[in-house]
Structure formats: structure tokens, C-alpha cells
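J.: The structure is given below, and queries will be raised subsequently.
The values are calculated or read from the model by the stated rules, or taken from the named source; none is laboratory data. From a predicted model like this one, the values you see are computed outputs, not experimental measurements. Every residue, glycine as well, gets a Cβ built from its backbone with ideal geometry; the counts of neighbours run over all protein chains shown. These area figures cover heavy atoms from the full protein model, side chains too; ligands, DNA and RNA do not enter into them. Shrake-Rupley method; radii C 1.70, N 1.55, O 1.52, S 1.80 Å.
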Amino acid sequence: MAREGNHGDSDKGKKKKIKNPKKSVVKEENGEKAEKMESGDPAEAAFPPTFSSSEIKNKQRRHLMFMKFKQEKRKQKLQLKKKKKKEREALGDKAPPKEVPKTIENQRVYDETTVDPEDEEVAFDEGTDEFSAYFNGLTNPKVLITTSDRPRGRTVKFCEQLATVIPNAHVYYRRGLALKRVIPQCVSRGFTYLMVINEDRKMPNGLVLCHLPDGPTAHFKVSSVRIRKEMKRRGKDPTEHTPEVILNNFSTRLGHSIGRLFAALFPQDPQFVGRQVATFHNQRDFVFFRFHRYIFKNEKKVGIQELGPRFTLKLRSLQKGTFDSKFGEYEWVLKRHEMDECRRKFHL
């Protein structure tokens, strides 16, 4: 009898697993929804009209939905463009003129200092400024390129490659020598320019360009530096031919001075046999430097190949006379919080 009682107690101690009817109903409903989604029922699969991809919690799915949205938008834009093109071809000469897209450049705020190259006052200033002897052919440019103290390998290579771009340029690595002592030595040895490359965290980040013997001195911020080995599809190393110089969009009085400062780095008699071009292109007060060689493919087509190096300059200050950090007189200084309030106002 005791054994029978023990068996009964053990049966009572066991818990019977009872299926929850609510859970089974939920599973059935989820299964029906999944079948409807797989079958492609638009009523169930469509998103609400106010749906935004930012509401998706999953990052990968959100990125996928956003890329699909951009792709569809691009297709619609391309179809609209093709449609307009067909309409213009059908109308022929009666087609309306093309709409000019609004950009920051063509919406630029007018600057009172914008100069006309044919103005008599500008011509007089050009004939009497510090660069007049160079443009009149009385002096030939001779450039000394130096660095900050203890330059790193990238800055050293950048200076060496600049010396191959600028004719009659010499590289000198100064060792703790102050610029006030370097400038008189440059003047006594017939140098017309002193170029100082500064660096930060092993990267070139500044350029001081001093015209000798009477100035002016410009200080630039340097960015986006690429030496030759970092460039893809570049041509062979440049030759010793004197390159042509192209200056673009230096339209204001300040920009005119900066353009002449760059032009005086190179001799005035380019050797067209070398087919090399040095370009200073100003866009939104950023000066982009590129060095190319052009190749004649046939009578109508011309190809170009970049030789390097390339870099971007941003003017920080323009100082009268030679470099003097304490008592120098500044013609122009960039004040970011005051001058950069309007994106459509440029100074060069």
C-alpha cells in the first residue's frame, strides 16, 4: 500500500504541459501574414503613405531602402531629361532657351573691388608695383624652397617635387635658422622668392610665399596634398622645360595681386616644346594647383595627363614687405567669423 501511495504522489508532482491556446492563435495569424507577404499581396506589403526610411530600426535594411529610393529618384530624373531632350529636338529652332542652373558661383554677391584688366588705374598700379621689374623682363625669378625645423619625409618629398615644377628653384633645409636671418642671405644671393613649407603631424599644412626684396608676403593654408607616388594614372616625371602658367578667376583687387604673386614664380618665356602647364584655379576662394602635360592625339583632339604634385591653397593673410610676424603691416587678414557669414561672398 505504501508503494502504491508513492506512485500516486509522483504522478501528482509531475506538471502537465498545457499548450497556450492564445499563443497558437498568434502563430497561426503570423503564418497567414507571412503567406500573404510571400504571395505579393499589395494591400498587405505596401507601406503607409507617410512612411519614411528613417523609421526602420535595422541599420542595414534602412541603408538598403535609402539606396533604392535614391536609385528610383535618379531614374526619374534621367527619364525627365530624355523627355525634355526629345521635345527640344522636335521643336528645333523654336525650342525655349535652356535654363541656367543656380550655383554659388553665378549667385555670387557683387564685390566693389572687382577690377577690369583694361582699366587705366589697374594698368598704372601694375606698372609701379613690386612685380613690375619681373613683368618688364628686367629680372628673372629665382626661388628658394625651405621648410620648418626638422621636416618629415613627406614634406621633404613635396619640396623636392615643387623644385621640379618651378624652374630655377633650389631646396634648402634650414636647421633652427630664423627667417629674419634667411631673408637677407636670399637677397644677397639674388633670390626673388622665399617659399617656406610648414608641417603639422608629418603633413604639409602651411605655405609662406615671400617676394624679395620688398615683399609682399602671403600666408596660405595647404590641404589635399598629393605627391606623385600617391596619384593614379599620372604621366612620366616632368622635364626641365619652362611650363606655361594659367591663372583662372582672380577677379578682385586682392585676387589680382595674388595672381601676379603666383605668375612671378615662373619665367615669362614658356617652352611650348615641353607641353607642360601649371594651373592656379580659384574657386570659392580656394586655389587649386595642378600640373599637366598635354598630348596631341590628332588634329582635333588633345589629351592631358597629370604629372603632380597637386595641392589646395587657402589665403590667410597678405602682408606688406617681407616676413615680419611681430611688426608687419597687413593688407588683408582672413577673419572667419566675420567674413564667412555669407556663402556667396568671395574675396579673390
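J.: I need the phi-derived Karplus couplings for the range 99-116: 6.51 cos²θ - 1.76 cosθ + 1.60, θ = phi - 60°, integer Hz, Gly and Pro marked x.
T.: Each residue's phi maps through the Karplus curve to give 6, 7, x, 7, 10, 5, 5, 7, 9, 5, 6, 5, 9, 5, 8, 4, 10, 9 Hz.
J.: Just in the range 170-202: which trypsin sites (Lys or Arg not before Pro) are loop by DSSP and have at most 11 other Cβ atoms within 10 Å? Write down the numbers at each step before the final one.
T.: On the way: sites: R174, R175, K180, R181, R189, R201, K202; in loops: R174, R175, R189, R201, K202.
For trypsin sites (Lys or Arg not before Pro) across the range 170-202 that sit outside H, G, I, E and B with at most 11 neighbouring Cβ atoms in 10 Å, the list reads R175, R189, R201, K202.
J.: Angle between the Cα long axis of helix 2-13 and the longest principal axis of the chain, 0 to 90 degrees, nearest 10?
T.: Tilt of helix 2-13: around 40 degrees.
J.: Which entry is the computed Cα extents along the principal axes in Å for this structure: [x] 127, 75, 47; [y] 78, 46, 43; [z] 62, 55, 45?
T.: Identified label for the calculated read-out: [x].
J.: I've got another one for you. Using a 1.4 Å probe and ignoring any ligands, DNA or RNA, find the accessible area of S325 and quote it in Å² to the nearest 10.
T.: Counting only protein heavy atoms, the figure is 80 Å².
J.: Of T113, C186, L64, whose Cα points farthest to the positive end of the dipole of the chain (charges on the beta-carbon: +1 Lys, Arg; -1 Asp, Glu; origin at the Cα centre)?
T.: Ranked along the dipole, the leading option is L64.
J.: Set Lys and Arg Cβ to +1 and Asp and Glu Cβ to -1, take the dipole of the chain about its Cα centre, and tell me which of Y173, V143, I258 lies farthest positive.
T.: Farthest towards the positive pole: Y173.
J.: For the range 247-325, what's the relative contact order in percent, using C-alpha pairs closer than 8 Å and at least 6 residues apart?
T.: The normalised contact order for the range 247-325 reaches 22 percent.
J.: Accessible area of the chain with a 1.4 Å probe: how many percent of it is carbon plus sulfur?
T.: Values: 12900 of 25160 Å².
That fraction is 51 percent.
J.: Note down the nm distance, to one decimal, between modelled labels 7 Å out along Cα→Cβ at E338 and at R174.
T.: Placing both labels 7 Å along Cα→Cβ, they lie 2.9 nm apart.
J.: Now for a different question. Grab the Cα-Cα distance for K70 and K202, subtract it from 0.36 nm times how many residues apart they are, and report the gain in nm with one decimal. Please report the intermediate quantities before stating the final value.
T.: Working: separation 132, 0.36 × 132 = 47.52 nm, distance 3.94 nm.
Extending this stretch completely gives an extra 43.6 nm.
J.: Structure shown: which of K142/K297; K142/K221; K59/K102; K142/K180; K202/K232 lie over 26 Å apart, alpha-carbon to alpha-carbon?
T.: Result: K142/K297; K59/K102 exceed 26 Å.
J.: Using the Karplus curve 6.51 cos²θ - 1.76 cosθ + 1.60 with θ = phi - 60°, what ³J(HN,Hα) values do you get for each residue of the range 243-253, in whole Hz, with x for Gly and Pro?
T.: Once θ is set to phi - 60°, the couplings for the range 243-253 become x, 7, 10, 10, 10, 10, 6, 9, 9, 8, 5 Hz.
J.: Would you work out the relative contact order for the chain, in percent, from Cα pairs under 8 angstrom that are 6 or more residues apart?
T.: Result for the chain is 15 percent.
J.: A further question on this structure: Could you please state, rounded to a whole Å, how far the C-alpha centre of the range 310-326 is from the C-alpha centre of the range 192-246?
T.: After rounding, the separation between the Cα centres reads 13 Å.
J.: Quick check on the chain: helices-only [θ] at 222 nm, where DSSP H runs of length 4 and up contribute -39,500 (n - 2.57) each and the sum goes over total residues. Nearest 500, please.
T.: That calculation yields -10500 deg cm²/dmol at 222 nm.
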